[in-house]
Structures are given as C-alpha cells and as structure tokens.
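**Student:** Provided herewith is a single structure, encoded as structure tokens, for subsequent inquiry.
The values are calculated or read from the model by the stated rules, or taken from the named source; none is laboratory data. What you see is a predicted model, and the numbers here were worked out from it, not measured in a lab. For the accessible areas, the whole protein counts, side chains as well, though only heavy atoms, and no ligand, DNA or RNA atoms are used. Shrake-Rupley method; radii C 1.70, N 1.55, O 1.52, S 1.80 Å.
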Amino acid sequence: MSVEAINSTLTMLERMHKSLLELALKKTEIIKAGDIEALDQLLKDEQAHIAAIDKLEQQRQKQVTDYLEAKGLASSDKTTVADVIEAADQQADKATLSVVRDRLLQIITDLRKQNDLNQKLVFQSLQIVNLTLDAVRPRTEQMNYSSNEVHGTNSIAKKSYFDSQA
C-alpha cells in the first residue's frame, strides 16, 4: 500500500464532504423557506452522499491499516492518517498527507457547524408549528359554568373517557 493511494482516498473524501457541505447550505435555505418537498428530496441526496462517504471511509481505514502493517507498525487500536504521517519515509509524503488531512478536517468542522445550525432551525420551526397548533386546537376545559361552580365550590369536574361504573 502506498501513500499515494491513501492521499487519493483522502482527496475523494474531501470532495464528498465539500459536496455534503453544499447540501447542508442548501438545506438551510430550504428550511428557512419551509419547502417540505424540496427538503425531502435533499435528505435523499444527503443519504446517498453519506453512503458514499461511508464506503470511502472504510476504504481509507483499510488502506491505512495495510500501510502500517507493511511498515510493521499496526496496532490493535484504530489506526489514523496521523499514524501514517508519522510513519511515512519521505518528507513530501508527510507534507502532502498533512495538507489533505487538514483540509478535510476543516470541511468536517464547517459541516458540523452548518448541521448544528440546521438542527436549531428545524427545532425552532417545530416550536412554531406546535405553538400554532396549540392556538388553533380547542381547549379540553369547558369555558361555561358547571353546576359545581354555581354552588360555590372550586373543584372542576374532569371528563373521563372511561366509565368505571359500566
């Protein structure tokens, strides 16, 4: 296994994460617009991206493990690109992997921030929907006087859907 193969996989991961970040930015606008159909389609696109990223990640893990095993450095713990950077023989390989890894980490950080924003926007939208439903939904309490209130007692008769005397 070579460093170039790992570098290639990292570059593909970077592209996929950039594309996923673009989808997350579009999702923000769709959530703001309240377009449910577009959001549904975008979620399907996201799922396809996530599946592709998962496959690439598995490939990256195998490449890193194979590379470190070839160097005699594999351990039982999860191996990372940082381990490959340390184990690489040539300084150019170390620098290239380091740059690609840093770009990928930055994109992932941006993606996390955007997803957090989207999560907050969806939560606020749900709060607005619930508030609107509460305003429209009829109250379960009776607004007119019952016989207990006429006699001066403050106890409110509660309706039950189950008649225990039947």
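**Student:** Any lysines with Cα under 20 Å of the LYS18 Cα? List them, leaving off those in the same chain fewer than 8 positions away.
**Tutor:** Counting by Cα, and skipping residues close in sequence, LYS18 has these lysines nearby: LYS26, LYS27, LYS44, LYS55, LYS113.
**Student:** Largest first, how would LEU39, LEU117, LEU68, LEU73 line up by accessible area (1.4 Å probe)?
**Tutor:** Per-residue accessible area, sorted high to low, gives LEU73, LEU117, LEU39, LEU68.
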